[in-house]
Amino acid sequence: TSSGFWGRPPLDGQKRFLMEPEDFLRLVEETRAEALAFHSLRAVTPEQIAWVLERVPADLPIHIHVAEQTGEVDDCLAATGKRPVEWLLGQGLLTPRWTLVHATHMTDAEAAGAARAGATVALCPSTEGNLGDGFFNAAFLEAGGSFGIGSDSHVTPNPVEELRWFEYGRRLQA
């Protein structure tokens, strides 16, 4: 329900996408959702996350965009003193039910912590590449982490193309 960390008021263009936690929970229940998504730590407060998690089934999968861009990491550091994945880990939130969408800018310690927690990462290589967000930290994979492949843009909804982008990016990093 915000446009920045911990409740910054939404911009006019963002208001149509926002809903109060009660309305969000009602939508989850009415649609019999098989997963829920807090868009990002910029979009919800810690209190809203806790409120929703107390009211949904303990095994309901959770998705969150996190550490996608360096600006988001910088904003999170300024608001909390921690990086986004570091904050989630510190709150004890990450479990196998969590999927971190993008997670592009994790430190090696964050990547290892997320892998140990059993969280999955959803990679969207064409989006990350087209937006110039950067390369995924492979320390997550080296720590035994699992990932899924997908897209959150209209550029290509083709998983084979996304895997090609992922493989190409890995070679560029080598």
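Within region 1-36, the residues that satisfy the criterion of being crowded, with 16+ Cβ neighbours inside 10 Å and either in contact with a strand residue (DSSP E or B) (Cβ under 7 Å, 6 or more places away or on another chain) or assigned to a helix (DSSP H, G or I) (or both) are 2, 21, 24, 25, 28, 36. Looking only at region 117-174, which residues are open to solvent by less than 80 Å² (accessible area, probe 1.4 Å) and among the hydroxyl-bearing types (Ser, Thr, Tyr)? Those that are open to solvent by less than 80 Å² (accessible area, probe 1.4 Å) and among the hydroxyl-bearing types (Ser, Thr, Tyr): 120, 126, 127, 146, 151, 153, 156. Among residues of region 57-71 that are under 13 Å from residue 85 (Cβ atoms), those with a Cβ under 7 angstrom from a residue that is in a strand (DSSP E or B) and open to solvent by 30 Å² or more (accessible area, probe 1.4 Å), sequence gap 6+ or separate chain, pair up as 64/37; 65/39. The number of residues in region 77-108 that are over 13 Å from the mean Cα position of the chain (by Cα), within 11 Å of residue 41 (Cβ to Cβ) and in contact (Cβ under 8 Å) with a residue 40 or more places away in the chain comes to 3. For region 53-74, filtered to residues that are acidic (Asp, Glu) and within 15 Å of residue 104 (Cβ to Cβ), the residue that is most open to solvent (accessible area, probe 1.4 Å) is 74. For the criterion of being among the hydroxyl-bearing types (Ser, Thr, Tyr), in contact with a strand residue (DSSP E or B) (Cβ under 6 Å, 6 or more places away or on another chain), at pLDDT 95 or above and on the phi < 0 side of the Ramachandran plot, residue 95 fails. Which residues, taken from region 148-161, are touching a helix residue (DSSP H, G or I) at 6+ places or on another chain (Cβ under 7 Å) and closer than 23 Å to residue 118 by Cα? Listed by number, the residues that qualify are 149, 150, 151, 152.
For the condition more than 18 Å from residue 5 (Cβ to Cβ) and at pLDDT 90 or above, what is the one hit in 103, 78, 67, 35? Reasoning before the result, please.
Details: 103 fails: more than 18 Å from residue 5 (Cβ to Cβ); 78 fails: more than 18 Å from residue 5 (Cβ to Cβ); 67 fails: more than 18 Å from residue 5 (Cβ to Cβ).
That would be 35, the only listed residue that is more than 18 Å from residue 5 (Cβ to Cβ) and at pLDDT 90 or above.
Restricting region 109-147 to residues that are farther than 21 Å from residue 77 by Cβ and within 13 Å of the chain's Cα centre (by Cα) leaves a set whose member that is modelled with the lowest pLDDT is 124.
The values are calculated or read from the model by the stated rules, or taken from the named source; none is laboratory data. All of these numbers come straight from a predicted model, not from anything done at the bench. With ideal geometry, Cβ positions are generated from the backbone for all residues, glycine too; neighbour counts draw on all protein chains shown. The protein model used for the area step is the full one, side chains on, heavy atoms only, and it has no ligands, DNA or RNA in it. Shrake-Rupley method; radii C 1.70, N 1.55, O 1.52, S 1.80 Å.
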